[in-house]
Amino acid sequence: MIKGSKAAREITLEEKRVFVPIPMVQEPYFTLSVIVGSTPVVTTPAAFSPTANSEPILQEPNEPIVDEQQPQQEQPQEEEMPVVEPFGRPQRARKSPISDDYIVYECEEVQMEDEPTSFEEAMRSTEASKWQEAMEDELKSMSTNNVWDLEEIPKVAKTVGGKWVYKVKRDSKGNIERYKARLVAKDFTQREGIDYNETFSPVSSKDSVRIIMALVAHFDLELHQMGVKATFLNGDLEERVYMAQPKGFVVTGKERMGCRLKKSIYGLKQASRQWYLKFDKTIRKFGFKENVEDNCVYAKFKNGKYIFLVLYVDDILLASSDVTLL
């Protein structure tokens with residue numbers, strides 16, 4: 001309806017669509033050259049020209065045309081390229097740990113005899129008399145150190161098992177020096193909180209030994225090394241531990257009695273700790289003072305003279321400025 005007029009006017013609406021192509025940028029195509037003889041043929045993609053009423057078409061690059069009638073020429077010899085190893089673990093030439101000037105001496109093989117693993121086997125062996133003597137020496141040493149007392153075992157108590165361990169001691173040439181028998185306790189039968197509590201025992205560090213050796217070399221100190229025999233038999237046992245009488249040496253008429261241990265024998269979980277406590281208590285009586293950094297290093301100073309002591313389980317290293325202190 002037109003403004004100012006009451007007559008209606010018919011209007012025809014017509015829809016007309018116009019196609020507008022989407023602009024696209026063609027990426028260049030690269031093809032490898034095909035060598036025919038010695039002349040390479042390189043192809044390039046065709047030109048792109050979109051039309052108004054059609055979708056843009058991406059044309060594939062034309063395949064190279066090879067003239068079959070063209071005579072083939074001899075291909076030039078390709079130069080050998082160096083082989084490049086893949087990245088990875090570096091390879092290096094392995095050298096023998098033994099130098100060429102190292103002299104190897106022939107030595108005779110020593111026939112090692114089988115050592116018995118039980119009391120019955122030791123008594124059946126050809127060296128039964130020597131093993132018997134070795135066991136008697138071990139029990140004599142325990143009696144001297146007052147290791148145990150024979151007592152009635154309480155009903156609520158549980159005994160710790162014992163075992164004989166046999167060893168043949170030889171010299172550097174393989175000759176037999178002596179037969180050794182040791183009575184050890186079976187620590188796997190011990191109960192924590194009843195048969196033992198603490199088991200930790202300190203040992204000297206390797207750095208401490210290096211420092212002492214450096215002082216010996218620098219100040220020209222006297223050096224001495226010693227070992228403690230029957231080491232663990234010196235430690236006092238705090239817990240009440242009962243052990244069965246050693247096999248083959250049960251006292252007649254006292255078969256029902258057991259060994260109430262007063263000293264820590266080999267095999268007990270707390271044996272090493274009890275030995276260290278006993279050694280620490282004894283060495284302090286001689287005027288030695290414990291090192292703050294290493295509990296197994298001791299020092300003593302007197303009248304301008306001094307001595308160092310290093311303990312490693314049952315081995316002792318002594319370094320002194322005066323021989324009289326050793």
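Per-structure values
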quantity	calculated
Residue within region 130-149 that is part of a strand (DSSP E or B), under 32 Å from the mean Cα position of the chain (by Cα) and surrounded by 12 or more Cβ atoms within 10 Å (Cβ to Cβ) present	no
Meets criteria (over 30 Å from SER118 (Cα atoms) and either in contact with a helix residue (DSSP H, G or I) (Cβ under 7 Å, 6 or more places away or on another chain) or at pLDDT 90 or above (or both)) for ASP294	yes
The lone exception for GLU255 - which of (1) in contact (Cβ under 8 Å) with a residue 24 or more places away in the chain; (2) closer than 25 Å to ILE194 by Cβ it fails	(1)
Of residues in region 154-166 being buried (at least 17 other Cβ atoms within 10 Å of the Cβ) and not hydroxyl-bearing (Ser, Thr, Tyr), the one farthest from LEU237 (Cα to Cα)	TRP164
Boolean, TYR242 is in a helix (DSSP H, G or I) and out of contact with any helix residue (DSSP H, G or I) (no Cβ under 6 Å at 6 or more places or on another chain)	no
Test: residue in region 253-262 that is in a helix (DSSP H, G or I) and within 30 Å of TRP164 (Cβ to Cβ)	no
Conditions (1) in contact (Cβ under 8 Å) with a residue 40 or more places away in the chain; (2) surrounded by fewer than 17 Cβ atoms within 10 Å (Cβ to Cβ); (3) polar (S, T, N, Q); number of the one not met by THR189	(1)
Subset of region 217-239 [crowded, with 17+ Cβ neighbours inside 10 Å and part of a helix (DSSP H, G or I)]	THR231, PHE232, LEU233, ASN234
Odd one out for LYS169, checked against (1) closer than 22 Å to VAL251 by Cβ; (2) basic (Lys, Arg); (3) exposed (fewer than 14 other Cβ atoms within 10 Å of the Cβ)	(1)
Looking only at region 267-326, and only at residues there that are of a type in the set (Val, Ile, Thr) and not in a strand (DSSP E or B), the one that is nearest to LEU221 (Cα to Cα)	VAL323
Tally, over region 111-129, of residues that are surrounded by fewer than 11 Cβ atoms within 10 Å (Cβ to Cβ) and among the aromatic types (Phe, Trp, Tyr)	0
Any chance PHE308 is over 28 Å from GLU192 (Cβ atoms), touching a helix residue (DSSP H, G or I) at 6+ places or on another chain (Cβ under 9 Å) and of a type in the set (A, V, I, L, M, F, W, C)	yes
Which listed residue, of LYS155, LYS180, LYS167, is more than 22 Å from GLU121 (Cβ to Cβ) and either in a strand (DSSP E or B) or basic (Lys, Arg) (or both)	LYS155
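Quick grid of which residues meet (1) buried (at least 16 other Cβ atoms within 10 Å of the Cβ); (2) hydrophobic (A, V, I, L, M, F, W, C); (3) without any contact (Cβ under 8 Å) to a residue 60 or more places away in the chain; (4) closer than 29 Å to TYR266 by Cα:
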residue: GLY287; (1), (2), (3), (4): no, no, yes, no
residue: GLY304; (1), (2), (3), (4): no, no, yes, no
residue: ILE307; (1), (2), (3), (4): yes, yes, yes, no
residue: ASP322; (1), (2), (3), (4): no, no, no, no
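The values are calculated or read from the model by the stated rules, or taken from the named source; none is laboratory data. Keep in mind the model is a prediction, meaning the values are calculated, not measured. As a convention, Cβ positions derive from the backbone with ideal geometry for all residues, glycine included, and neighbour counts pool all protein chains shown.
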